[in-house]
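The values are calculated or read from the model by the stated rules, or taken from the named source; none is laboratory data. Just so you know, these numbers come straight off a predicted model, no measurement behind them. Here the Cβ positions follow ideal geometry from the backbone for every residue, glycine too, while neighbour counts run over all protein chains shown. Accessible surface areas use protein heavy atoms only, side chains included; no ligands, DNA or RNA. Shrake-Rupley method; radii C 1.70, N 1.55, O 1.52, S 1.80 Å.
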Amino acid sequence: AETVLEESRRPPYDATLDFARLSLELGYVLFFTPVWPLAPLACLVAAAVELRAAAFRLTVCTQRPVSAPSSSCTLGTDDPWISILHAIASVSVVVNVAMITLATQQLDVFFASPDADVRSADIQTDLHLPIYQSASPPQPLPSDAAAHAAGTPLSDGGGAQSAGADYVLTPFDRLLLALVAEHALIAMKLLLHVAYPELPELLLADAKQAERELHKKYLLGVHGKVDTLSRLSPSDAAITSLCPQSAPTGKATTVTVRGEHLGRAVHRGEISLRLVMPKDGSHKESYKESARRAHSALTLPADFVSDRCLSCLLPASEIAGLATITLLPRGGGIAAVDGKDAGACDVDGQSCAFRYYTPCTLLRLKPNTGPLQGGTLVSCAGRGFVSTGEIVARFSAGGLDHCVPAAFISESEIRFISPNLHESGGATVTIALNGTDFEPEGLTFYYQSRACAVQ
């Protein structure tokens, strides 16, 4: 227990700096190896030291890291750092080709003549390249090269031979070679990226085996036995109800999802819900629009609370109407069905309807006074009331809240009974059509020490 308490006081582990440092070392190796060939060896020594330093930091200086579950198909290959490493590798191709072709004399070994020192020096001066001179005295030029340097015309035969013998790379030649080499290397990189998958079949097989073992332990812990049919078929997982079953438009709402055998829908430590947003009621929706709306459904991560309970944050909707929440089982999806009442579930228990409503407006209370003992039937007039089956009226007075259920009468009226209070005075009455999200503006109900007649 003391070890756990001590570890809880440490700062949480952040892997961002470690990944950034490793990416920086990879950049040193890929970008500057042509300049300093010992860069890979230096980075290898630095990585060995940093490995022990990271182990000390993880075990002594920070809290134990919590692993985040990866998606079912990528196993972490969709991490943003993978894209960063691919970008570094692609840019390094351009940088290395540019350094070798434009900033060194490596190409002269393969393409230029050894008798072209004069013209090569002139080109290097134009390109601001370093001129490497040997300690030995310069060799005399051949007769054709000397005649060319003196400006005397050459014979046809000798001129052709000289042009082939003292050829050097011009700036345009170097740039052309750089472009060709850069395109060839990038094409080779893309070819290897396509030919060899990032996820080998062996790794995927190991991941599936680990998932089966995890699900087997779950069945043993919950049901006390492992049923082969239930282990391979997650269709027993079902959702039965939502709480709340509705929410106002323009506001995100946390919903509790009740169900049976929800653990069988967990896939790689994750459980997901599919949300089809409500349709626009201003015009009749065509078949294509309905299919497009169903195709653009949102996949929402849910928090696994127990085998019969989930928690999920639903996004805000700008359109009032019925949405559909569908349970996504392991390794598959189920099409949602629209048109059900709020809170109603499919026969197979895979989807429930959720209502988005326009926030209501409160106008007046009748009567607006009552005794401290409560029991006064109050009629609240307003606009935009919706029958959700979970309407609640809240009386706030003296820093305390008293909530009572309310009955839906019409779109302009709801009724409820005032609760009892201990002190006379005004109490602010607010309404929540879904029992959770109360309207910001309320009306005042006055409590009196004696019952009085209301005219």
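A few points about this structure:
- If only residues of segment 428-447 that are out of contact with any Pro (no Cβ under 7 Å at 6 or more places or on another chain) and of a type in the set (Gly, Ala, Ser) are counted, the one that is nearest to Val378 (Cα to Cα) is Gly442.
- Residue within segment 429-437 that is open to solvent by 30 Å² or more (accessible area, probe 1.4 Å) and modelled with pLDDT of 90 or more present: no
- Taken over segment 374-388, the criterion of being aliphatic (A, V, I, L, M) and in a loop (DSSP other than H, G, I, E, B) is satisfied by Val386 alone.
- Remark: Gly382 matches the filter, which requires a residue to be more than 30 Å from Arg258 (Cα to Cα) and in the same structural domain as Ile431 (by the TED database).
- Those residues of segment 386-428 which are over 16 Å from Gln448 (Cα atoms) and among the aliphatic types (A, V, I, L, M), in sequence order: Val386, Ile391, Val392, Ala393, Leu400, Val404, Ala406, Ala407, Ile409, Ile414
- Segment 360-385, residues that are surrounded by fewer than 19 Cβ atoms within 10 Å (Cβ to Cβ) and touching a Lys or Arg at 6+ places or on another chain (Cβ under 9 Å): Thr361, Leu363, Pro371, Leu372, Leu377, Ser379, Ala381, Gly382
- Close Cβ contacts (under 9 Å, 6 or more residues apart or on different chains) running from residues in segment 389-406 that are part of a strand (DSSP E or B) to residues that are surrounded by 17 or more Cβ atoms within 10 Å (Cβ to Cβ) and basic (Lys, Arg) comprise Asp401/Arg394; His402/Arg394; Cys403/Arg394; Val404/Arg394.
- Of the residues making up segment 26-46, those that are touching a residue at least 60 places away in the same chain (Cβ under 8 Å) and surrounded by 13 or more Cβ atoms within 10 Å (Cβ to Cβ) are Leu26, Gly27, Leu30, Phe31, Thr33, Pro34.
- Segment 407-441: number of residues that are at negative phi and in a strand (DSSP E or B): 16
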